[in-house]
Amino acid sequence: MKKFFLIAFVLIGITGYGQFIKGTRTLGFNFGGVGYNSRNTDDDYVDSRLGLRTKSQKDFSINFNPSYGVFVTNQLLLGGGISLSYNNSKYDEKYDFVFNSSSNSLILGLNLYSRYYFAGKNNLFPYGQINFGVGFGNGSGESTEKYLSRDSSIVNDFTQKGIFNVNAGLSAGVTKMLNKNVGIDFALGYNLNMFNSTIAPVFSRVVRGTTIESGNGGEYKSSNTTNGVSLNVGLIIFLDPQK
């Protein structure tokens with residue numbers, strides 16, 4: 001992956017010349033902010049009485065990411081912005097029990113980026129970009145585990161406190177100018193994301209419709225790290241330098 005970006009930057013940096021002017025300001029809007037993922041799994045166990053063990057997970061997210069930047073040279077653009085993201089995740093599993101869970105979170109973040117425009121022509125201006133961001137938020141969720149043969153279930157309601165999210169990435173892209181002041185960004189990038197939060201569950205055990213036990217499950221820390229390739233599309237508006 002690193003070799004890919006290095007080769008791309010070298011190739012796009014040896015042609016033509018740029019048209020941007022130091023002091024030009026930009027407004028950016030990322031269109032790549034809606035995501036959906038669905039996964040289903042069937043595990044065929046030896047026990048023929050219970051049959052398949054089925055699992056499914058569905059994740060949905062939507063992000064709003066406006067940004068502002070300034071050309072500090074004719075080719076180097078520095079900027080930042082805010083991000084607001086909503087995430088929903090649902091998980092279902094069925095075997096000799098039925099397990100359902102759902103969680104929601106809302107995260108507000110601050111992002112910084114540095115973009116360097118290489119040579120361009122025919123209204124196409126390639127660039128390389130690095131970005132870094134942090135986010136803070138809260139969430140909540142619930143899960144239910146039902147044992148049909150025993151007519152019992154365990155219900156968990158939980159809050160997700162102190163969400164702290166750190167992300168960093170780099171990308172290679174191109175800005176297609178539609179006119180003098182408006183362009184569309186297309187970029188292929190690599191992103192690393194680290195997510196931490198505190199989970200505080202409250203549980204109850206129900207047998208034949210009657211709650212026989214309930215209490216606080218105690219707080220515990222949860223963290224995960226993900227990385228991968230992303231394809232992004234955005235709108236960028238170029239404003240004349242301030243007088």
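At pLDDT below 80 and either in a strand (DSSP E or B) or touching a Cys at 6+ places or on another chain (Cβ under 9 Å) (or both): is that true of Asn87 in this structure?
no
Of all residues in the range 182-217 being touching a Phe, Trp or Tyr at 6+ places or on another chain (Cβ under 6 Å) and not small (Gly, Ala, Ser), which is farthest from Gln19 (Cα to Cα)?
Here the residue is Pro201.
Inside the range 117-133, can you point out the residues that are surrounded by fewer than 17 Cβ atoms within 10 Å (Cβ to Cβ), at pLDDT 90 or above and either assigned to a strand (DSSP E or B) or hydrophobic (A, V, I, L, M, F, W, C) (or both)?
The initial filter retains those residues of the range 117-133 that are surrounded by fewer than 17 Cβ atoms within 10 Å (Cβ to Cβ), namely 119, 121-124, 130, 132.
Going one step further and asking which of them are at pLDDT 90 or above, we end up with 123-124, 130, 132.
Leu124, Ile130, Phe132 - these are the residues of the range 117-133 that are surrounded by fewer than 17 Cβ atoms within 10 Å (Cβ to Cβ), at pLDDT 90 or above and either assigned to a strand (DSSP E or B) or hydrophobic (A, V, I, L, M, F, W, C) (or both).
Quick one: in the range 224-241, of everything that is open to solvent by 80 Å² or more (accessible area, probe 1.4 Å) and touching a strand residue (DSSP E or B) at 6+ places or on another chain (Cβ under 7 Å), which residue is farthest from Ile163 (Cα to Cα)?
Leu231
Scanning for something open to solvent by 50 Å² or more (accessible area, probe 1.4 Å), of a type in the set (S, T, N, Q) and over 30 Å from Asn74 (Cβ atoms), does the range 163-186 turn up at least one residue?
no
Can you name every residue in the range 88-125 that is within 30 Å of Phe158 (Cα to Cα) and in contact with a Leu (Cβ under 8 Å, 6 or more places away or on another chain)? Before the answer, list the steps.
The first filter runs over the range 88-125 and keeps only residues within 30 Å of Phe158 (Cα to Cα), leaving 88-111.
Passing the criteria: Tyr95, Asp96, Phe97, Val98, Leu106, Ile107, Leu108, Gly109.
As an exercise: evaluate Lys146 against (1) within 30 Å of Phe20 (Cα to Cα); (2) in a strand (DSSP E or B) and give the number of the one condition it does not meet.
(1)
Is it the case that Asp92 is assigned to a loop (DSSP other than H, G, I, E, B), farther than 29 Å from Lys176 by Cβ and without any contact (Cβ under 8 Å) to a residue 60 or more places away in the chain?
On the way: assigned to a loop (DSSP other than H, G, I, E, B): no; farther than 29 Å from Lys176 by Cβ: yes; without any contact (Cβ under 8 Å) to a residue 60 or more places away in the chain: yes.
No.
Please determine whether any residue of the range 205-222 is out of contact with any Lys or Arg (no Cβ under 8 Å at 6 or more places or on another chain), more than 19 Å from Asn63 (Cα to Cα) and surrounded by 16 or more Cβ atoms within 10 Å (Cβ to Cβ).
Looking for residues that are out of contact with any Lys or Arg (no Cβ under 8 Å at 6 or more places or on another chain), more than 19 Å from Asn63 (Cα to Cα) and surrounded by 16 or more Cβ atoms within 10 Å (Cβ to Cβ), one finds at least one in the range 205-222, hence yes.
Please pick out the residue among Tyr91, Tyr113, Tyr95, Tyr86 that is of a type outside the set (D, E, K, R), farther than 27 Å from Phe164 by Cα and surrounded by 14 or more Cβ atoms within 10 Å (Cβ to Cβ). Spell out how you get there, then give the answer.
Details: Tyr91 fails: farther than 27 Å from Phe164 by Cα; Tyr113 fails: farther than 27 Å from Phe164 by Cα; Tyr86 fails: farther than 27 Å from Phe164 by Cα.
After applying the criteria, what remains is Tyr95.
For Gly228, indicate whether it is within 19 Å of Ala168 (Cα to Cα) and under 26 Å from the mean Cα position of the chain (by Cα).
Values: within 19 Å of Ala168 (Cα to Cα): yes; under 26 Å from the mean Cα position of the chain (by Cα): yes.
Criteria met by Gly228.
In the set Ile21, Ile62, which member is over 28 Å from the mean Cα position of the chain (by Cα), at pLDDT 80 or above, among the hydrophobic types (A, V, I, L, M, F, W, C) and surrounded by fewer than 15 Cβ atoms within 10 Å (Cβ to Cβ)?
Ile21
The values are calculated or read from the model by the stated rules, or taken from the named source; none is laboratory data. None of the values given here were measured: they were computed from a predicted structure. Counting neighbours? That spans all protein chains shown, and the Cβs are built from the backbone with ideal geometry, glycine included. All accessible areas refer to the heavy atoms of the entire protein, side chains included, with ligands and DNA or RNA removed. Shrake-Rupley method; radii C 1.70, N 1.55, O 1.52, S 1.80 Å.
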